[in-house]
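These notes are about the structure you will find just below.
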Amino acid sequence: MRSAHKYYVCIAYNVEVDAKAMRSRRSRPGVTTPDGGPALFRLVRFWSRRWTGRALAQVSVEPDGDLRQVQHIQVVEAVAARLQTTDEASVTTVATELGLDHSGASRMVRGAVVAGYLTRSESAHDRRRAVLHLTDNGQHLLATARGWQRQCFDQLTASWSGRDRRQFAAYLQRLADETTT
């Protein structure tokens, strides 16, 4: 939940700082300084409205299953992220990764299990806990989603130099690593 707290603090701080920055910029005509905060949130708003349809075009989806498919992708990515840092993923860790309450995460996990993207088994460390594993279909869904994400990055930065693309990718990775762990 640390990242959710940072997010809300960042939004509140950003509103106050944004007003000061706007006044400061008005006092220096013709001077533009890179302004990462508003640019970041503009991108978040832009992609939060658009990524779903584009991602689903890459994956076969049954009619009326669009939202479920997006949820499956989110759950699979959350489980994969957790398994990169620990040997077990659970509903609780999915809830934490996605910023959801336990019951919401549980419903999403149940749907991903029924769809064949995850399996549940007993924890090796605590027999009372159920742990989650990606199935072959889950691995395929993850690979498809990551491929689409890379394709989007490549398309958005196609006019940039290779050096700029690598540097921006490194900064994005650093930001993601520092805010989600």
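Given R0 = 30 Å, the distance between the Cβ atoms of residue 125 and residue 168 translates into a calculated FRET efficiency of 0.15.
Placing dummy labels 7 Å off each Cα toward the beta-carbon, the span from residue 103 to residue 47 is 3.2 nm.
Can you give me the % of accessible surface on segment 88-180 that is carbon or sulfur? Probe 1.4 Å, all protein chains present, nothing else counted.
Carbon-and-sulfur percentage of accessible area, whole number: 51.
Using the Cβ-Cβ distance between residue 92 and residue 158 with R0 = 45 Å, the FRET efficiency computed as 1/(1 + (r/R0)^6) comes to roughly 0.65. How much FRET efficiency would the formula 1/(1 + (r/R0)^6) give for residue 33 and residue 151, where r is the Cβ-Cβ distance and R0 is 41 Å, rounded to 0.05? Calculated value: 0.85. Close amide H pairs (under 5 Å, H built 1.01 Å from N) link residue 131 with 121, 122, 123, residues at least 5 positions away or on another chain.
The values are calculated or read from the model by the stated rules, or taken from the named source; none is laboratory data. Remember, it's a predicted structure, so these values are computed and weren't measured experimentally. A quick note on method: Cβ atoms are made from the backbone with ideal geometry, for glycine too, and the neighbour counts reach across all protein chains shown. All accessible areas refer to the heavy atoms of the entire protein, side chains included, with ligands and DNA or RNA removed. Shrake-Rupley method; radii C 1.70, N 1.55, O 1.52, S 1.80 Å.
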